[in-house]
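Everything below concerns the one structure shown next.
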Amino acid sequence: CGAIPISDLLDRASQRSDKLHSLSTTLTQDLDSHFPPIGRVIMPRPSMCHTSSLQTPNDKEQALQVSESDLLSLVRSLLQAWEDPLVVLSTSANTLPHPAQSIISNKIQELQEHSKSLGDGLVVLSGKMAPGAQTISSLPYFGGNDIGQDRISKLINFNFLLSCFRRDSHKIDSFLKILRCRAAKMLPEMC
Amino acid sequence: VLFPPAKPGLTSCRSPEKETFTCWWKPGSDGGLPTTHALYYRKESSETVYECPDYHTAGENSCFFNKNDTSIWVNYNITVVATNALGRAFSDPVEIDVVYIVKPNPPEKVTVTVMEDKGWPFLRVSWEPPHKADTRSGWITLIYELRVKLEEEIDWEMHLAGQQKMFNIFSLRSGGKYLVEVRCKPDHGFWSEWSSTSYIKVPDYFHREK
Amino acid sequence: VLFPPAKPGLTSCRSPEKETFTCWWKPGSDGGLPTTHALYYRKESSETVYECPDYHTAGENSCFFNKNDTSIWVNYNITVVATNALGRAFSDPVEIDVVYIVKPNPPEKVTVTVMEDKGWPFLRVSWEPPHKADTRSGWITLIYELRVKLEEEIDWEMHLAGQQKMFNIFSLRSGGKYLVEVRCKPDHGFWSEWSSTSYIKVPDYFHREK
């Protein structure tokens, strides 16, 4: 049966990634409302994120030079790198010592759903785009399921993990939106 | 005289929010014999044929696809088969893309107030998108349409409101009792049902001739 | 009586197009002595401290980072130091990632024309993205919002236009003089200022009495 055009798929993927990042931003704000001041000082640095080893462009010039298939495999690598840690966030959200615990828990649930759906879309997309898009860098998460025993370390580790996801989801969103506009050359009003 | 069943017809498939969808069919004549219907579908670039996951949730002659069965990433090729003791009949296959069969829920919080412009009353109608539609993110565009009529009249007056969430109705009848309803549609999709009716009475105002 | 300078304060950092950015600060009191200010920054996971590359392009009490000085997905830890003969004072450090400080310039070429649909006039508003923001490559994704009001009224009517660069406004006041302004926001950033105002007069159209 007929196929959904790549430009449509990229539009839908960008919509999901946009939502994914917006969710991670509102979650960060929810958490910040009750974050121990000491946390800001002792929270691990972004370079400690489990995905920081992945080389990604970090300005416009570099990003626009990356090929379609490389952009898509960056996106897939980042998204896949978050499959396990999102489960850790989800299970630890249930017992997070935070007044907005249930709101946070629901949003993490939503984050997982959008992330799974986006993952499904990227499988279909990479099948249709250049074969290079199939390559996925492995970025294992060694953090384990336990995010700490006491209240402060739980909040700090949860916040740290989320801050890593927030940055990576922004990268995913940005790369997909570049791909979307490249695919939309015939529909100039789209970009 | 007994026959094999006539060909059923897939009448429509609709999704309220791109997360689930439902298809309906219209049976053909049953040839005088007990006839059963089954819906089968295949996903784009896959030869696997699946049967309808849920014939009940959406009522008779329907198939409901829940969140896990629904994908916005592939086209669905759908066929309905009627079977009785003497044979089978296949509907024409229908191809659907969930994103393009959205029929949203109606607009909500429809509010109508009487306002005045240099002595002339007018109706100010405002509403909200259906709560499931995330229009704030800028990705989903809904357009709206209103219909207005005097209680005693039969024909509605239609107004296209574009993407606005408010609309002014001028040239009112002094003392008239008006009914107002609103509906919405995504740019690639189907009109929702009309919202529930809002009633408003326009006060008697003195016809000032200009 | 002379003192060391008071602590300066970093007031804000903004990028108009996610390619360059500027930070501004507010000096504290100068303690009655000639006081100079310098901005220093350190990039995440590097201990090297750099000084502001350009104190001039963005005017007084500012530091401008051009394309080569600007990276995204990297935290900049920024501090301003005030110095005079009697001592120094450090601002509180500010940590920013350029992707979260984008505030574009307003939309450009805002055009408003009166159109007609079945005898009812409506306004067609169209615009272009700010030329500095590269929306064509997808580097920046903008959503737009309009506000419309009658000249004599106080309150604006707000309309979210999503990613479209055109918006129709229906239900106009016959003979009304309208003001229209547009603004934009990147997907994850700040609203721009409003564009300059566009004025348009709606012709008198026949008030059909019912």
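Computed from the coordinates by the stated procedures, all read-outs in this text should not be read as laboratory data. What you see is a predicted model, and the numbers here were worked out from it, not measured in a lab. Cβ: placed from backbone, ideal geometry, glycine included. Neighbour counts: every protein chain shown.
Key figures for this structure:
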read-out: Selection status of A:GLN62, assigned to a helix (DSSP H, G or I), within 14 Å of chain B (Cβ to nearest Cβ) and either farther than 30 Å from A:ALA100 by Cβ or free of Cβ contacts under 8 Å to residues at least 12 places away in the same chain (or both); value: no
read-out: Any hit, segment A:152-160, residues being assigned to a helix (DSSP H, G or I), within 13 Å of chain C (Cβ to nearest Cβ) and in contact with a Ser or Thr (Cβ under 8 Å, 6 or more places away or on another chain); value: no
read-out: Segment B:154-170, residues that are in a loop (DSSP other than H, G, I, E, B) and more than 9 Å from chain C (Cβ to nearest Cβ); value: B:ILE154, B:ASP155, B:TRP156
read-out: Residue that is touching a helix residue (DSSP H, G or I) at 6+ places or on another chain (Cβ under 7 Å), in contact (Cβ under 8 Å) with a residue 24 or more places away in the chain and closer than 28 Å to C:SER15 by Cα, where the choices are C:VAL99, C:VAL94; value: C:VAL99
read-out: Selection from segment A:116-142 of residues that are crowded, with 17+ Cβ neighbours inside 10 Å, under 20 Å from A:CYS49 (Cβ atoms) and away from chain B (no Cβ under 14 Å); value: A:ILE136, A:LEU139, A:TYR141
read-out: Selection count, segment C:128-153, where residues are among the aliphatic types (A, V, I, L, M) and either within 13 Å of chain A (Cβ to nearest Cβ) or on the phi > 0 side of the Ramachandran plot (or both); value: 4
read-out: Boolean, C:ASN77 is closer than 23 Å to C:HIS188 by Cβ, without any contact (Cβ under 8 Å) to a residue 40 or more places away in the chain and within 14 Å of chain A (Cβ to nearest Cβ); value: yes
read-out: A:LEU118 being under 28 Å from B:LYS132 (Cα atoms), touching a Gly at 6+ places or on another chain (Cβ under 6 Å) and either free of Cβ contacts under 8 Å to residues at least 60 places away in the same chain or of a type in the set (A, V, I, L, M) (or both); value: no
read-out: Hits in segment A:27-59 (condition: in contact (Cβ under 8 Å) with a residue 12 or more places away in the chain, loosely packed, with under 13 Cβ neighbours inside 10 Å and hydroxyl-bearing (Ser, Thr, Tyr)); value: A:SER33, A:SER53
read-out: Per-region count, segment A:24-58, residues assigned to a loop (DSSP other than H, G, I, E, B) and either under 23 Å from A:GLU113 (Cβ atoms) or within 14 Å of chain C (Cβ to nearest Cβ) (or both); value: 13
read-out: Test: residue in segment B:171-186 that is assigned to a strand (DSSP E or B), at the interface with another protein chain (Cβ under 9 Å from one of its Cβ atoms) and either within 28 Å of C:ARG147 (Cβ to Cβ) or in contact with a Phe, Trp or Tyr (Cβ under 9 Å, 6 or more places away or on another chain) (or both); value: no
read-out: Residue in segment C:148-171 that is more than 17 Å from the chain's Cα centre (by Cα), among the hydroxyl-bearing types (Ser, Thr, Tyr) and surrounded by fewer than 20 Cβ atoms within 10 Å (Cβ to Cβ) present; value: no
read-out: Total residues in segment C:78-108, condition within 13 Å of C:THR35 (Cβ to Cβ), surrounded by fewer than 21 Cβ atoms within 10 Å (Cβ to Cβ) and in contact with a Leu (Cβ under 9 Å, 6 or more places away or on another chain); value: 4
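Each row is one residue, and each column tells you yes or no for (1) within 14 Å of chain A (Cβ to nearest Cβ); (2) within 29 Å of A:SER14 (Cβ to Cβ); (3) outside any loop (DSSP other than H, G, I, E, B); (4) free of Cβ contacts under 8 Å to residues at least 60 places away in the same chain.
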position	(1), (2), (3), (4)
C:GLU47	yes, no, no, yes
C:ALA58	no, no, no, yes
C:ASN68	yes, yes, yes, yes
C:ILE72	yes, yes, no, yes
C:PRO106	no, yes, no, no
C:MET115	no, no, yes, yes
